[in-house]
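What follows is a single structure, written as structure tokens, with notes after it.
The values are calculated or read from the model by the stated rules, or taken from the named source; none is laboratory data. Model, not experiment: these values are computed from the prediction. Ideal geometry is used to build each Cβ from the backbone, glycine not excepted, and the neighbour counts take in all protein chains shown.
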Amino acid sequence: MFSSPRVLFICVHNSGRSQMCEAFLKHYAGDRFDAQSAGLEPGELNPLVVEAMAEIGLDISQNKTKSVFDIWKSGELFQYVIAVCDAESAEKCPIFPGPTTRLHWSFPDPSKVTGKYEQKLQRVRDIRDEIAAKIQDWLASLSVEQPA
């Protein structure tokens, strides 16, 4: 049914968390997964997120934000739909058709960090590193369940 498992990461604005998840999955898993991201209310890419990702060699500056509802209406099928926002926002995500595994990984919202510029950038780096670790752990757990 699927050539590569399809994964959709969803957050509120598709400006930070879901973009980082998509980039890390592509980075760590290569073409073993088809990763996408979208938002409930797509906004603009968060410049702090773009900078934090660039620091580790991942350029997301040309990414576009997408609406989860446009993807849902297209009828695309995903094996995994992963909400990376808070629980209240995750409940607003549409139910995708087909054999989909829904997961919820709550990460702090980079758009809500406060402080001076360097403090905000450091907090976004921390969120970035949390997301990287979660993606690596998730991939490791899948390789145990489904040998490649």
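Numbers at a glance
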{"read-out": "Exclusive hit being touching a helix residue (DSSP H, G or I) at 6+ places or on another chain (Cβ under 7 Å), basic (Lys, Arg) and under 20 Å from ASN46 (Cα atoms), set ARG128, ARG123", "value": "ARG128"}
{"read-out": "Pairs where the first residue, in the range 102-128, is more than 9 Å from LEU48 (Cβ to Cβ) and touching a residue at least 60 places away in the same chain (Cβ under 8 Å) and the second is part of a loop (DSSP other than H, G, I, E, B) and among the acidic types (Asp, Glu), C-beta under 8 Å, 6+ apart", "value": "ASP109/ASP86"}
{"read-out": "Test: residue in the range 122-143 that is outside any loop (DSSP other than H, G, I, E, B), modelled with pLDDT under 90 and over 17 Å from ALA38 (Cα atoms)", "value": "yes"}
{"read-out": "Positions within the range 102-120 being part of a loop (DSSP other than H, G, I, E, B) and surrounded by fewer than 16 Cβ atoms within 10 Å (Cβ to Cβ), in sequence order", "value": "SER106, THR114, GLY115, LYS116"}
{"read-out": "Of residues in the range 68-101 being free of Cβ contacts under 8 Å to residues at least 40 places away in the same chain and of a type in the set (Gly, Ala, Ser), the one surrounded by the most Cβ atoms within 10 Å (Cβ to Cβ)", "value": "GLY98"}
{"read-out": "Helices (runs of 4 or more DSSP H) within the range 1-94 that include 1 or more residues more than 20 Å from LYS112 (Cβ to Cβ) and more than 15 Å from the chain's Cα centre (by Cα)", "value": "47-55, 68-74"}
{"read-out": "Hey, VAL68 at pLDDT below 95, closer than 16 Å to VAL7 by Cα and touching a helix residue (DSSP H, G or I) at 6+ places or on another chain (Cβ under 8 Å) or not", "value": "no"}
{"read-out": "Selection from the range 36-47 of residues that are among the hydrophobic types (A, V, I, L, M, F, W, C) and buried (at least 22 other Cβ atoms within 10 Å of the Cβ)", "value": "ALA38"}
{"read-out": "Residue satisfying condition, being farther than 20 Å from TRP138 by Cα, of a type outside the set (Phe, Trp, Tyr) and modelled with pLDDT under 95, within set GLY57, GLY30, GLY39", "value": "GLY39"}
